Amino acid sequence: MIHISKRVDFTLFKGKAAWMNRFIGWGIRLLAVALSLVVCGVLIYALTKLNPVKVYAVMANGVFGTTRRVWAWLRDLALLLCISVGLAPAFKMRFWNIGAEGQVLVGGIATAACMIYMGGMNIPTPLLLLIMAATSIVAGAIWGIIPALFKARWNTNETLFTLMMNYIAIQLTSYFIPKWEHPKGSNTVGLINAGTQAGWFPSFMSKEALAKLDPNAWYTGLLKNTVGQPYLLNVLIVIAIVLFMFFYLKKSKHGYEIAVVGQSENTARYAAMNVKKVIVRTMTLSGAICGLGGFLAVAGADHTISAATAGGRGFVAIIVAWLAKFNTFVMILISAVLVFLEKGAIAIASEFSLSNDVSHIIKGIILFFILGSEFFINYQIKFTGKSGRRADK
Amino acid sequence: MEEKTNVTAEKKKVTIPRGDPAVEMIGITKTFGSIVANSSVSLSIYHGEILSLLGENGSGKTTLMNMLSGIYFPDAGTIKVNGKAVSIRSPKDAYDLHIGMIHQHFKLVGLLTAAENIMLGLKGKFVLDLKSVRKAVRDICEKYGFDIDPDKKVYDMSVSEKQTLEIVKVLYRGADILILDEPTAVLTPQETQRLFGIIRNMKADGKSIVIITHKLHEVMAVSDRVAVLRKGVYIGDLATKDTNPQQLTDMMVGRAVSLNIERPEPENIRECLKVENLSVVDSEGVTKLQDVSFTAYGGEILGVAGVSGSGQKELLEAVAGLQPAKPGSSIVFTDMDGKTSSLIGKTPMEIKKLGVHLAFVPEDRLGMGLVGDLDIADNMLIRTYTEGNSVFVDMKRPRKLAQEIVKEFEVVTPGITTPVRKLSGGNVQKVLVGREISGNPSLMMSAYAVRGLDINTSYTIYRLMNEQKKRGAAVIYVGEDLDVLLELCDRILVLCAGRISGIVDGRKTTKEEVGLMMTHLPSEEAQA
């Protein structure tokens, strides 16, 4: 007979400090990743007769091979992280916000609208970026506040509600695409302000300024690879959000209210909290940060808008938030791994001219192992001996 | 102190010969994670006896019996039924062995009738044969003296009727060994007497009955033999006629305890809470309280008695601002300085802002009073987190308070950063009560404050209530154990179906009087 029960301690560290148990938990997760790579290797060899080690080398090279690739990885990591952090307060409140996809999209639409309509007004870049950020935040917040109001007022199911808001956002994008179509007939928006780059995230040091530097000085390369890169702003914005959210959830009165409301609305009422207010306020924040994610995606990365701007990140972010147990710093690690897998898998597919689906298979296997390892961390399985006989009748 | 077991009690352990045992449990062990619920317990049940399984909450009584009825499966040990080793892996296996259990929380379908509930889950022909079920039910009722209408819907039944139905259900399925888990917890004294009559009838018919309980006078009243468990360990068994409550308590607790509850004379009485014509209707439109009027005085303990669900919860919640009252209700609070304020129509936040110091220990400790996943220190914050102008919470004071409470009330915990859901029931209650009295309340309300607690912790709670009374606070104590209410409270308010059927003097009334008032309103009596 097999007994499955909730794990209290790892046998190795019975009754020891919590961090030791946490440590072994992370060991199991690492082991799961290693095992998944082995399984992927066997599968790759069986299907394509390619050397798995070579395949993994290509994967690593595809993500970290050049400065440009590293920055592309950082950019995608920042975007996924931003959305995950946005989901954290809602999920901590047990408000199942499945609508990040839509919140990102409306944030993106707002950004694109600003770029298109204000791009020609010669507004100074910092001011324009601020306006764009503000409108994207407002748009995302509206998308978050609507299901929250309904939940607070009529106790509607937020899972269905936020999910359906996604489709409204996608339809809204489809409505704007022909309006902003460029070039005519392409049915895409194309690069917005391709000539002026108005509203695009700038690098902190322009190419001209970098060219003036002494090419032999020790700092030149360093500067070129950091402040000379256009995606540094994405990373900085997200670091700020991560720090803010960490302290907001852990130390602030609002964070305390979120924790209590998430655990039990009755306790929250008992503690004289205004539950409705907390729900609406938290979802406003959640939507706002996801909306800002749309700003990062449009102004900081794609410079265009399409129904695929969010690209499923609103859903992947749910996995990130859950695996990290809403700790924003752990989210950094998990989004880094997921984005690495995503980009690495694409590199494999193009290098060995495999179908794009292979990358999905690899990603799927690795995720399966990571999620599966949580079971072994939280539960223990005991095999009990001979006592398995049926009742004599 | 724990090691100093009452040796005399153990030496008196006797096994009463009664032929071959119907059930033998040998060396049964069951663990949940790191918690050992039963440690190598051996227990026999004989044909035609009434056995009381006595032990404090958390001593593993229910777990042990759940293994007999197929809810749990033992980690180690053997179960023999009529001398044959068996493996009971589901309630169905248990029924096949003629073992049936009546759980504390009834397993009935509200929308179905009694007869339908009885045949639920049984194999049979494609077409329901309700006629023969009805007849069988009537036969069983006649035989043992039950009173049940097979066609009554469960949602129309009182708690006592539901319990009767559960027993009939188990008998219908052919059980010879009946296990009743705390059967009297929900009954009035009169209903309890009726149940005991039925149990005796079943015994006369040759059935074995096991009653899980922690109430000593019931053990003495109904059982032939009593087996005692303590902290998952089998302590021993005694013939009921050879023992007395004090000895059983000592066996149960592991050392000598005094069973007297202190009741100091009220001093410096002042009006604290005046409730007039309070009516409460819940969100489904059901009247929960109707025209309730009473006054609670500082310096006394006002007990509230009633069958569970008679409006006790709504009464306390209405005072705390958690339950809206109907127009025309009035709740006026007078604090220790004589300042009065009306609490009607106020939210908890507004009540707090009025400066009203009320402590409230709700019935649902982890679902309302505390947050299970937060640690002890974080739970201290619940009442005070809004204090100060900072955006951030001040963790210094709650940590200090948590440490004080852990020390003063001897809370067993690895530390103040342990989530409260990991604490045992008694320690959870100590944390909650400790926090509530830390605010020096003028009004202390508690609902079922000792439910599920061991004797020691229960007496600690009584002492704390008395301390609040001596401090001059008005204490409202909602209880279910009439013996305790009669010993602890100065006055007892009796609720019956949301109305007050009377307020009696705790020093003069009797259990029977209060029991009668719990089920009858004075006007009904006059009509009868």
- In the list B:Ile376, B:Ile382, B:Ile461, which residue meets the criterion of being touching a Leu at 6+ places or on another chain (Cβ under 9 Å), assigned by TED's automatic domain parsing to the domain that holds B:Val304 and of a type in the set (A, V, I, L, M, F, W, C)? B:Ile461
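For the structure I just gave you, tell me whether B:Thr31 is among the β-branched types (Val, Ile, Thr) and either assigned to a helix (DSSP H, G or I) or crowded, with 21+ Cβ neighbours inside 10 Å (or both).
In short, no.
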- Message: So if I check each of B:Ile50, B:Ile45, which one is more than 20 Å from B:Arg173 (Cβ to Cβ) and either away from every other protein chain (no Cβ under 11 Å) or surrounded by 21 or more Cβ atoms within 10 Å (Cβ to Cβ) (or both)?
- Response: B:Ile50
- Item | Criterion: under 22 Å from A:Cys82 (Cα atoms), modelled with pLDDT under 95 and surrounded by fewer than 23 Cβ atoms within 10 Å (Cβ to Cβ) - qualifying residue of A:Leu222, A:Leu243, A:Leu232 | A:Leu232
- Checking B:Asn427 against (1) part of a strand (DSSP E or B); (2) surrounded by fewer than 24 Cβ atoms within 10 Å (Cβ to Cβ), which single condition isn't satisfied? (1)
- Task: Could you tell me whether B:Val109 is among the aliphatic types (A, V, I, L, M) and assigned to a loop (DSSP other than H, G, I, E, B)?
- Result: yes
- Message: What are the pairs with Cβ atoms under 6 angstrom where one residue, in region A:208-221, is of a type in the set (S, T, N, Q) and the other, located anywhere, is modelled with pLDDT of 80 or more and not in a helix (DSSP H, G or I)? Sequence gap at least six, or different chains.
- Response: A:Thr220/A:Leu213
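Has region A:69-78 got any residue that is in contact (Cβ under 8 Å) with a residue 60 or more places away in the chain, closer than 26 Å to A:Asn274 by Cα and within 14 Å of the chain's Cα centre (by Cα)?
No.
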- For region A:264-276, which residues satisfy the criterion of being without any contact (Cβ under 8 Å) to a residue 24 or more places away in the chain and either surrounded by fewer than 21 Cβ atoms within 10 Å (Cβ to Cβ) or facing chain B (nearest Cβ under 7 Å) (or both)? A:Ser264, A:Glu265, A:Asn266, A:Thr267, A:Arg269, A:Tyr270, A:Ala271, A:Ala272, A:Asn274
- Message: So, in region B:367-399, how many residues would count as being at the interface with another protein chain (Cβ under 10 Å from one of its Cβ atoms) and buried (at least 18 other Cβ atoms within 10 Å of the Cβ)?
- Response: 13
- Does region A:247-302 hold any residues that are under 26 Å from the mean Cα position of the chain (by Cα) and among the aromatic types (Phe, Trp, Tyr), and which are they? A:Phe247, A:Tyr248, A:Tyr256, A:Phe295
- Note on the structure: Of B:Val450, B:Val412, the only residue that is surrounded by 15 or more Cβ atoms within 10 Å (Cβ to Cβ) and more than 14 Å from chain A (Cβ to nearest Cβ) is B:Val450
- Item | Selection from region B:93-115 of residues that are within 9 Å of chain A (Cβ to nearest Cβ) and surrounded by fewer than 22 Cβ atoms within 10 Å (Cβ to Cβ) | B:Asp93, B:Asp96
- Go through region B:120-155 and give me each residue that's in contact (Cβ under 8 Å) with a residue 24 or more places away in the chain and assigned to a helix (DSSP H, G or I). B:Val133, B:Ala136, B:Val137, B:Ile140, B:Cys141, B:Lys143, B:Tyr144, B:Val154, B:Tyr155
- Message: I'd like the full set of residues that are among the hydrophobic types (A, V, I, L, M, F, W, C) and either at positive phi or part of a loop (DSSP other than H, G, I, E, B) (or both), limited to region B:242-294.
- Response: B:Ala256, B:Val257, B:Leu259, B:Ile261, B:Ile269, B:Val286
- Is it the case that region A:280-291 has a residue that's in contact (Cβ under 8 Å) with a residue 12 or more places away in the chain, within 14 Å of chain B (Cβ to nearest Cβ), out of contact with any Asp or Glu (no Cβ under 6 Å at 6 or more places or on another chain) and within 30 Å of A:Ser203 (Cα to Cα)? yes
- Message: Quick check on region B:344-366. Is at least one of its residues farther than 16 Å from A:Ala271 by Cα, hydroxyl-bearing (Ser, Thr, Tyr) and either within 11 Å of chain A (Cβ to nearest Cβ) or assigned to a loop (DSSP other than H, G, I, E, B) (or both)?
- Response: no
- Check off (1) free of Cβ contacts under 8 Å to residues at least 60 places away in the same chain; (2) out of contact with any Leu (no Cβ under 8 Å at 6 or more places or on another chain); (3) within 14 Å of another protein chain (Cβ to nearest Cβ); (4) within 25 Å of B:Cys489 (Cβ to Cβ) for B:Pro324 and give me the number that stays unchecked. (4)
- Query: When you look at A:Val242, is it within 14 Å of chain B (Cβ to nearest Cβ), touching a helix residue (DSSP H, G or I) at 6+ places or on another chain (Cβ under 9 Å) and part of a helix (DSSP H, G or I), yes or no?
  - Reply: no
- Task: Any chance you could count how many residues in region B:413-424 are at pLDDT below 85 and outside any helix (DSSP H, G or I)?
- Result: 5
- Which of the residues spanning region A:79-92 are within 21 Å of A:Ile279 (Cα to Cα) and buried (at least 23 other Cβ atoms within 10 Å of the Cβ)? A:Cys82, A:Ile83, A:Ser84, A:Val85, A:Gly86, A:Leu87, A:Ala88, A:Pro89, A:Ala90
- Query: Only one of these conditions is not met by B:Ala305: (1) modelled with pLDDT of 90 or more; (2) more than 10 Å from chain A (Cβ to nearest Cβ); (3) over 27 Å from the mean Cα position of the chain (by Cα). Which number is it?
  - Reply: (3)
- Message: Anything in region B:230-242 that is touching a residue at least 24 places away in the same chain (Cβ under 8 Å) and either in contact with a Phe, Trp or Tyr (Cβ under 7 Å, 6 or more places away or on another chain) or closer than 22 Å to B:His47 by Cβ (or both)? List them, or say none.
- Response: B:Tyr234, B:Gly236, B:Asp237, B:Leu238, B:Ala239, B:Thr240, B:Asp242
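The values are calculated or read from the model by the stated rules, or taken from the named source; none is laboratory data. Here the structure is a predicted model, which is why all the values come from computation and not from measurement. Please note: Cβ atoms are built from the backbone with ideal geometry, for glycine as well, and neighbour counts cover all protein chains shown.
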